[in-house]
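The values are calculated or read from the model by the stated rules, or taken from the named source; none is laboratory data. The model shown is predicted, which means the values in this text are computed figures rather than measured ones. All Cβ positions, glycine included, derive from the backbone under ideal geometry; neighbour counts span all protein chains shown. Side chains included, ligands, DNA and RNA excluded: accessible areas come from the protein's heavy atoms. Shrake-Rupley method; radii C 1.70, N 1.55, O 1.52, S 1.80 Å.
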Amino acid sequence: MSDQQVAQLVIFGVIAGVIIFGGVRVVTAQNVVRAALYLVLTLAATAALFVLLLAEFVAVVQVLVYVGAVVVLLLFGIMLTRAPIGSTPDLDNKPYRMWGFLAGLVFFGVIGFVLWRHFAEAPALVSSAPSAGSIEAIGRSLVTDWVVPFEAVSMLLLAALIGALAMARKG
Amino acid sequence: MRLISILLLSTALFSIGIYGVLVRRNAVLILMSIELMLNAVNINLIGFGTWLRDTAFVNAQAFALFVIAVAAVEAGIGIAIIIAIYRNRASIAVDELDSMRW
């Protein structure tokens, strides 16, 4: 393997490790605020993975929207619902742990098996060629090919704004 | 780097999200696990987009942007619902909200 491919593999391994570690700590942390911060770690590592795969615009949008807005919203939700600060022992439904683990394992087994059957021999990702004008191409496709979903998402955002206001105000 | 590593990473993250949704009691923590699952879908999309660089990369990125937008919308509405529930019941532990059970 060339030096660049080795470097890609090593960086991908590090990023994947951080993603999986952050994800596992989100669902097993006994402290609500720490779970939110591990979510930040996972989302930021995903943005790094997008940069590795040369999808820089999606990486920046991920940091802006996911880390910058969604996690802040979740932290506000934690604050406004008086979640217990500090370590609390009863954040998990303990009888469900085994079944939850089994469900996750079965899902991973089935989907992983199907993916392995079809894509195990797929060649290595050739992400060495820089894509010319990729952000321009995304912008152009959003207002030509995907204009209907684009406008629909705008209406969805408006509806969500009005709905959240109507639901969460006093009285 | 092979395509299958990215796909297995996304599947593993999705399974971790499934575990979180099933096991957690706090509604905000369940929302966090749902965000993990949507993130896994995005990783899958961008992975396939990078694999099919010449034909589908732009479409994959546009699709991922829509997933991020819808995830943000759903998190906002979810928090509004949770706050409204907390205002009425003083608890957001989902196993205590069982007034509509049989």
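For the stretch A:17-171, the fraction of 1.4 Å probe accessible surface lying on carbon and sulfur atoms is 76 percent. Grab the beta carbon distance between A:Met98 and A:Leu37, set R0 = 41 Å, and tell me the FRET efficiency rounded to 0.05. Efficiency, rounded to the nearest 0.05: 0.90. Take the accessible area of chain A alone and of chain B alone, subtract that of the pair, and you get about 6900 Å² summed over both chains, using a 1.4 Å probe.
With every protein chain in place, what's the accessible area of A:Ile162 (1.4 Å probe, Å², nearest 10)? For A:Ile162, solvent-accessible area is about 100 Å².
Taken about its Cα centre, chain B carries a charge dipole of about 80 debye when Lys and Arg each add +1 at the Cβ and Asp and Glu each add -1 at the Cβ.
Candidates A:Leu125, A:Tyr96, A:Leu64 compared by Cα position along the dipole of chain A: farthest toward the positive end lies A:Tyr96, with charges placed on Cβ. Counting Cα-Cα pairs of the protein assembly as shown in 10 Å increments starting at 0 gives whole-percent bin shares of 7, 28, 33, 22, 9, 1, 0. For the stretch A:50-148, a crude dipole built from +1 on the beta carbon of Lys and Arg and -1 on the beta carbon of Asp and Glu, taken about the Cα centre, is about 300 debye to the nearest 20. A protection proxy built from the mean count of other Cβ atoms within 10 Å ranks the segments A:28-38, B:23-33, most packed first, as B:23-33, A:28-38. Only protein atoms count toward the accessible area here, which uses a 1.4 Å probe; on chain B, the carbon and sulfur part of that area reaches 65 percent. Averaged over residues, the count of other Cβ atoms within 10 Å places the peptides A:44-51, A:75-82 in the sequence A:44-51, A:75-82, highest first.
With the Kirkwood sum run over all distinct C-alpha pairs, the stretch B:2-47 has a hydrodynamic radius of 10.6 Å. Comparing A:Leu102, A:Leu43, A:Leu161 in a Gaussian network model of chain A, where Cα atoms under 10 Å apart are tied by springs, the biggest mean-square fluctuation is seen for A:Leu161.
Taking the Cβ of B:Ala62 as the center, what net charge do the other residues with Cβ under 14 Å away carry, scoring Lys and Arg +1 and Asp and Glu -1? Computed value for this residue: -2. By the Stokes-Einstein formula, at 0.692 mPa s and 37 °C, the stretch A:1-44 with its Kirkwood radius over alpha-carbon pairs has D equal to 291 µm²/s.
Neighbouring Cβ atoms from other chains, within 10 Å of the Cβ of residues in A:82-94, number 3 on average.
Per residue, the solvent-accessible area of chain A (1.4 Å probe, heavy atoms of protein chains only, all protein chains present) comes to 58 Å². Across the stretch A:55-106, the convex hull enclosing all Cα atoms gives 126 Å³ per residue. Measuring between their Cα centroids, the stretch B:8-66 and the stretch A:141-171 lie 21 Å from each other. Over 18 Å, how big is the tail of the calculated P(r) for the stretch A:6-100, in percent of all Cα pairs? So the pairs more than 18 Å apart make up 55 percent of the total in the stretch A:6-100. Inter-chain neighbour count for B:90-102: the average number of beta-carbon atoms from partner chains within 10 Å of each residue's beta-carbon is 1. What the Cα convex hull of the stretch A:28-171 gives, in volume per residue, is 181 Å³.
Across every pair of non-identical alpha carbons in the stretch A:88-170, the mean reciprocal distance, once inverted, gives a Kirkwood radius of 18.8 Å. According to the Cα-based calculation, Rg over Rh for chain B is 1.12, with Rh computed by the Kirkwood formula. So which helices of chain A fit the span-like rule, where a helix is a whole DSSP H run, its Cα atoms reach 15 Å or more along the axis, and its mean Kyte-Doolittle is at least -0.5? Counting only whole DSSP H runs, the qualifying helices are A:3-28, A:32-52, A:97-119, A:147-168.
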